[in-house]
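Engineer: To start, I am sharing the structure in question, which I have written as structure tokens.
The values are calculated or read from the model by the stated rules, or taken from the named source; none is laboratory data. Since we're looking at a predicted model, the values are computed, not measured. Here the Cβ positions follow ideal geometry from the backbone for every residue, glycine too, while neighbour counts run over all protein chains shown.
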């Protein structure tokens, strides 16, 4: 998959879960620990880096693995509640 964008179909929770090990490895490569998963398939990360650069990097890499757009947000927004560990 090349250049997934937010307008593409978003990966489901089950699609993301089926690639959990690979996504955790991608997160570790970006110095992220314990990415979490929302019911709608969005990944939630914690980063000390300002902005969404790290989230965008993980989204791009995870989208390549899953084969469709993987939405990634940081845990400092209201939509980050109600998550489970990936």
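Engineer: From the list 27, 34, 6, which one is at pLDDT below 95, closer than 16 Å to residue 55 by Cα and surrounded by 11 or more Cβ atoms within 10 Å (Cβ to Cβ)? Walk me through it before giving the result.
Structural biologist: Numbers: 27 fails: at pLDDT below 95; 6 fails: surrounded by 11 or more Cβ atoms within 10 Å (Cβ to Cβ).
Result of the check over 27, 34, 6: 34.
Engineer: Of all residues in the stretch 28-66, which are outside any loop (DSSP other than H, G, I, E, B) and without any contact (Cβ under 8 Å) to a residue 40 or more places away in the chain?
Structural biologist: To start, the set of residues in the stretch 28-66 that are outside any loop (DSSP other than H, G, I, E, B) comprises 28-29, 36-38, 43-45, 53-66.
Answer for the stretch 28-66, where residues must be outside any loop (DSSP other than H, G, I, E, B) and without any contact (Cβ under 8 Å) to a residue 40 or more places away in the chain: 28, 29, 44, 45, 53, 54, 55, 56, 57, 58, 61.
Engineer: Looking only at residues in the stretch 9-24 that are loosely packed, with under 14 Cβ neighbours inside 10 Å and part of a helix (DSSP H, G or I), which one is nearest to the chain's Cα centre (by Cα)?
Structural biologist: 20
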